[in-house]
Amino acid sequence: MPLLAVRLDRGTAVPLGVQLADAVRARVTDGRLHPGDRLPSSRALAADLGVARSVVEQAWAQLVAEGWLEGRHGQGTFVAAGRSQASPAPARSPAAAAGTPEPVRLDTGTPWIDPRHQALWRRAWRDVAAATPPRGYDDPRGLPELRAELASRLARTRGLAVDPDEVRVTTGTTDGLRHLLGALAPGPVGVEDPGYRAAVATVEAAGRRVVDLPPGAAGADLRGLAAAYVTPAHQHPLGATMTGASRLALLGAAGDAGAVVVEDDYDSEFRYDVAPIPALASLDRERVAYLGTASKSVSPSLRLGWLVPPAALGAAVDERRERTHDAAPWPVQRAYLSLLREGYVDRVVRSRGAPTRPGPRGSSTRWASTSTARWRGCTPPCRCRRRSPAGPSRRPGASGSTCPCSTTTAARGP
């Protein structure tokens, strides 16, 4: 590769030194050379161009005299400071010039990051810096401490009782899906239409055919499918929550077809219109593979998620990951562990996803999955919780205080 992309024409009457000076001057004015860029030494460039060293020295001396270049004693020759391209730099937008914040993105899947929580984010990375990294390859399933923390959180917030050894840390939802596809029996995969486009691309990249399913897979026939990919907590992109009757019907159809249901627990942390509903996997651990992600509670760029596969697929997933040394980066796992322990994730969820509803006499009733109150009428598998308005007559279990979802099981969901 040439030290400087210059072509000298020996067939013209223009001296070589003048040609070199003209070429360098043009590169400074059009922006290909920037202020502070170091130029090759006269000896090296002369050898590269096949000319006498005096030719380069003559060109450099001319450009220094004109102010295009500057020589620094003991360092070399540089493009002079203050010299920039002739074309003006792109103008800053009025919003940027005024110092206004960036517009909030409203596309699906992009969360708003609350700047109030940045101190905990920085603390998590200080914790990573102080920790001792592993000496060899990580456990492909993930850090044991993080898997234990995730298992505890899934039981508390999603009604999914799992052992830490059943949890696999991934680099996101599509990564977990990719590992599942490698362990599943041959066959096409059903995906909701409309649905998650990245899931469709992941299935197709695995060499499997995609079969369209109705949103929520309502009444879908799963015969001939290896798996059905659904988003029951918050259907992507339509937003509906899968009803209890639909969940039971889907599990029944999967059982009849011998198919696996892949539950993408999309946006489950944030409930805006209904009480928290347990994960579909809590109804059938042998039939449902559970996928979760930190992209909504922290950031999509963190690239961290988790997979709880059915017991029959766990060994195949682990073997595949160990064989390819496939694991989430240790610093990212360690940082997320710190965020969980310090309460960052719970704080973000409370600040974004604790909706209010009208209550008695205009007061508000706040729904939260972290409340310990159980309401009359809450019978397993219902795990609805509510923080009630003040007052002895409305305390959980008091007369007249019934579970907000105490209708039929089919109507309120599991």
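Brief remarks follow.
- Accessible-area rank, largest first, for Tyr344, Tyr137: Tyr137, Tyr344, with all protein chains present and a 1.4 angstrom probe.
- Sorting Arg32, Arg53, Arg25 by solvent-accessible area of protein heavy atoms yields Arg32, Arg53, Arg25, largest first, with a 1.4 Å probe.
- Portion, in percent, of the accessible area of the range 1-65 that falls on carbon or sulfur, probe 1.4 Å: 54 percent
- Solvent-accessible ranking of His179, His34, largest area first, probe 1.4 Å: His34, His179
- Convex hull volume per residue for the range 187-299, taking Cα atoms only, in Å³: 99 Å³
- Note on Ala201 and Asp127: the extension gain reaches 23.0 nm, defined as 0.36 nm multiplied by sequence separation minus the Cα-Cα distance.
- Applying both filters, DSSP loop and at most 12 other Cβ atoms within 10 Å, to the trypsin sites (Lys or Arg not before Pro) of the range 114-214 gives Arg135, Arg209.
- Packing rank of 181-194, 5-18, where each peptide gets the mean count of other beta carbons within 10 Å, highest leading: 181-194, 5-18
The values are calculated or read from the model by the stated rules, or taken from the named source; none is laboratory data. Quick caveat: nothing in here was measured; it's all calculated off a predicted structure. Positions of Cβ are generated from backbone atoms using ideal geometry, with glycine treated the same way; all protein chains shown enter the neighbour counts. Keep in mind that these areas ignore ligands, DNA and RNA; they rest on the heavy atoms of the full protein, side chains included. Shrake-Rupley method; radii C 1.70, N 1.55, O 1.52, S 1.80 Å.
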